[in-house]
Amino acid sequence: MSTTPQGFKGCCAGLYELPITTLLLGESHHPGGAQLTRQLAESVLVGPDTRVLDVACGRGTTARLLAEEFGAQVTGVDYSDLIVQNARRATRAAGLEARVDFRTGDAEHLPCEDASIDVVLCECALCTFPDAPRALREFYRVLKPGGRLGISDIVVNREMPAALQTVVGHVVCIAGARSADGYLELIDEAGFNTTRSRNASSALLEMMTRVEQRLRLADVIAQLETLELPDDLTHSAETLDEARSFITAGGAGYALFSARKPR
Ligand SMILES: C[S@@+](CC[C@H](N)C(=O)[O-])C[C@H]1O[C@@H](n2cnc3c(N)ncnc32)[C@H](O)[C@@H]1O
């Protein structure tokens, strides 16, 4: 597995391209699913015709929810061209293409004009970006003055066990995670103000439990069908096991952050 920044991004996107990842995580690839997305959207005042950029949008589940339930106009950006193509297809099938569009792009070099966006959202992805400070400066650049930022991400409260600091740890959104104060500092350093955070750690444990149950089921099906699970997945199962113990002991959690670009 590559250890260059581009390699990490490709590897992370590659994992989320796999159909089995959606089978394990569900349509939203973040803890708390649609419910936490609604809370994040409300905290940054998404409403009718709000221009939203969903960075690292994955399958476009959040983008479609914001368009359908909040009446927002949403652009999703993801590093993976395949993920973007699938998101476009699902959006056409839902009849939402007039309100939702997608671009392939890198969070650290957003394919958007300066000061063109009302709200930037980034769910469960900042901790996978090799240069998170740069991504935050990009969020700042594309937001209009007074624009809002909503982030949800894994937080770590103490040093992670060595096994979670591996490349696989990186792609399951753990290895690049910071403390809540660490995220607040990063957001602050990028120029944002009125930053708030809210603990949502129970959502992370619920997701871990669901993933473990589905992994066990996938394993049983693979044995019944004499299918081989991808190596990465078997490796991820071990990493998830380590991660669960770490979370249960209070070592990690999940949190929502909101902030505003000064006028
Ligand atoms: C944990 S998933 C989150 C997806 C989505 N935000 C959600 O909550 O369902 C992480 C996503 O980040 C994307 N990604 C990883 N690195 C990226 C980068 N540098 N720029 C844009 N997207 C990236 C991956 O392709 C993947 O779709």
### Message
I'd like to check something: does the range 83-92 contain any residue that is of a type outside the set (D, E, K, R), free of Cβ contacts under 8 Å to residues at least 12 places away in the same chain and either surrounded by fewer than 24 Cβ atoms within 10 Å (Cβ to Cβ) or within 26 Å of Ser43 (Cβ to Cβ) (or both)?
### Response
yes
### Summary
Checked the range 97-111 for anything open to solvent by 20 Å² or more (accessible area, probe 1.4 Å) and either out of contact with any Pro (no Cβ under 6 Å at 6 or more places or on another chain) or within 9 Å of the ligand (Cβ to nearest atom) (or both); matches are Glu97, Ala98, Arg99, Asp101, Thr104, Asp106, His109, Pro111
### Query
For the range 60-69, does any single residue satisfy the condition of being buried (at least 23 other Cβ atoms within 10 Å of the Cβ) and either in a loop (DSSP other than H, G, I, E, B) or acidic (Asp, Glu) (or both)?
yes
### Task
Go through the range 204-234 residue by residue and tally those that are open to solvent by 90 Å² or more (accessible area, probe 1.4 Å) and modelled with pLDDT under 70.
7
### Query
Is there any pair linking a residue in the range 95-107 that is of a type outside the set (A, V, I, L, M, F, W, C) to one that is near the ligand (Cβ under 9 Å from one of its atoms) and open to solvent by 60 Å² or more (accessible area, probe 1.4 Å), with Cβ under 6 Å and at least six apart or on different chains, and which?
Asp106/Tyr79
### Query
Could you say whether any residue in the range 169-179 is open to solvent by 50 Å² or more (accessible area, probe 1.4 Å), farther than 16 Å from His29 by Cα and at pLDDT below 95?
yes
### Message
Out of everything in the range 112-134 that is among the small types (Gly, Ala, Ser) and without any contact (Cβ under 8 Å) to a residue 60 or more places away in the chain, what residue ends up being farthest from the ligand (Cβ to nearest atom)?
### Response
Ala115
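Residue by residue, here is whether (1) at pLDDT 95 or above; (2) farther than 26 Å from Ser258 by Cα; (3) more than 9 Å from the ligand (Cβ to nearest atom) holds:
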| residue | (1), (2), (3) |
| --- | --- |
| Thr4 | no, yes, yes |
| Thr21 | no, yes, no |
| Val44 | yes, no, yes |
| Gly60 | yes, no, no |
| Ala67 | yes, no, yes |
| Phe70 | yes, no, yes |
| Gln73 | yes, no, yes |
| Gln85 | yes, yes, yes |
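The values are calculated or read from the model by the stated rules, or taken from the named source; none is laboratory data. Small disclaimer: the values here were computed from a predicted structure and weren't measured. For neighbour counting, all protein chains shown are included, and Cβ atoms are generated from backbone atoms with ideal geometry for every residue, glycine included. Protein only, heavy atoms only, side chains kept; ligands, DNA and RNA dropped before computing areas. Shrake-Rupley method; radii C 1.70, N 1.55, O 1.52, S 1.80 Å.
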